[in-house]
1. Restrict the check to the range 72-92 and report whether at least one residue is in contact (Cβ under 8 Å) with a residue 60 or more places away in the chain, polar (S, T, N, Q), surrounded by fewer than 24 Cβ atoms within 10 Å (Cβ to Cβ) and over 18 Å from R6 (Cα atoms).
2. Check the range 147-166 and report whether any residue there is among the β-branched types (V, I, T), modelled with pLDDT of 95 or more and either surrounded by 21 or more Cβ atoms within 10 Å (Cβ to Cβ) or within 14 Å of the chain's Cα centre (by Cα) (or both).
3. I'm trying to understand the selection: among the residues of the range 132-145, which are under 16 Å from the mean Cα position of the chain (by Cα) and either surrounded by fewer than 21 Cβ atoms within 10 Å (Cβ to Cβ) or of a type in the set (D, E) (or both)?
4. In the range 5-21, what count of residues is obtained for those that are more than 14 Å from Q34 (Cβ to Cβ), touching a residue at least 12 places away in the same chain (Cβ under 8 Å) and of a type outside the set (G, A, S)?
5. Among the residues of the range 57-71, is there at least one that is surrounded by 17 or more Cβ atoms within 10 Å (Cβ to Cβ), closer than 26 Å to T160 by Cβ, out of contact with any Phe, Trp or Tyr (no Cβ under 6 Å at 6 or more places or on another chain) and not hydrophobic (A, V, I, L, M, F, W, C)?
6. Return the residue satisfying two criteria in turn: it lies in the range 37-74 and is assigned to a helix (DSSP H, G or I) and among the acidic types (D, E), and of such residues it is nearest to V99 (Cα to Cα).
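The values are calculated or read from the model by the stated rules, or taken from the named source; none is laboratory data. This one's a predicted model, so the numbers in the text were calculated from it and none came from an experiment. Here the Cβ positions follow ideal geometry from the backbone for every residue, glycine too, while neighbour counts run over all protein chains shown.
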Amino acid sequence: MSTVPREAFVPPSLVPRAYEDAALSIGEGQTISQPYIVAAMCELLELDGSERVLDVGTGSGYAAAVLDELAASVVSIERVASLAGRARDALAATGHASVEVRIGDGRLGAPDTAPLDAIAIAAATPEIPEALVDQLAIGGRLVAPRGDREAQRLVRLVKTEDGLGETVGLGCRFVPLVGE
């Protein structure tokens, strides 16, 4: 995380607050997640640098940039075109132009990239979308905030030959995962 300049991913008026451990507004009703949560999600993904990762909910692109430092490749999906455009610019400006930013419904994932080693979902969902679980490789990990608008917990799913293993972690609060 120390190699990714968070100030490049926040609006100019919030640059002085870029390193606060807080979610900050990036417009369009969306936020950049607090650094602690980005770190917690990355830690739960247990990346070793060889993985193909899907980032659902690009937002500012900050988490995608951090994931790019930790994985072999990153595809990120954002439903709001203006945010996707700003994220592409910030990623390119910070040396993360290899991150592919797509505009679309993150609940559907990126089937053309499957099987994936890891999926990070940066939006709350009552249930993990089946399409995303289907795109995980055996041994693949998925981390997401699961719950309603008021109460969420980070969950980590690991896909095995026998199904899904689940670990429930810390409480959190994200914007909701919505489709197109």
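1. The answer is no, given that none of the residues of the range 72-92 is in contact (Cβ under 8 Å) with a residue 60 or more places away in the chain, polar (S, T, N, Q), surrounded by fewer than 24 Cβ atoms within 10 Å (Cβ to Cβ) and over 18 Å from R6 (Cα atoms).
2. Quick first cut of the range 147-166, residues among the β-branched types (V, I, T) only: 155, 158, 160.
Subset that is modelled with pLDDT of 95 or more: 155, 158, 160.
After this cut, where a residue has to be either surrounded by 21 or more Cβ atoms within 10 Å (Cβ to Cβ) or within 14 Å of the chain's Cα centre (by Cα) (or both) as well, the list is 155.
The answer is yes, given that some residue of the range 147-166 is among the β-branched types (V, I, T), modelled with pLDDT of 95 or more and either surrounded by 21 or more Cβ atoms within 10 Å (Cβ to Cβ) or within 14 Å of the chain's Cα centre (by Cα) (or both).
3. Narrowing the range 132-145 to residues under 16 Å from the mean Cα position of the chain (by Cα): 132-133, 135-136, 140-145.
The one that is under 16 Å from the mean Cα position of the chain (by Cα) and either surrounded by fewer than 21 Cβ atoms within 10 Å (Cβ to Cβ) or of a type in the set (D, E) (or both): V133.
4. Quick first cut of the range 5-21, residues more than 14 Å from Q34 (Cβ to Cβ) only: 5, 7-8, 11-13, 15-16.
Those still in the list that are touching a residue at least 12 places away in the same chain (Cβ under 8 Å) too: 5, 7-8, 11.
After this cut, where a residue has to be of a type outside the set (G, A, S) as well, the list is 5, 7, 11.
So the answer is 3.
5. yes
6. The initial filter retains those residues of the range 37-74 that are assigned to a helix (DSSP H, G or I), namely 37-45, 62-70.
From the residues that got through so far, the ones that are among the acidic types (D, E) too are 43, 68-69.
On the way: E43: 19, D68: 7, E69: 10 Å.
By that ranking, first place goes to D68.
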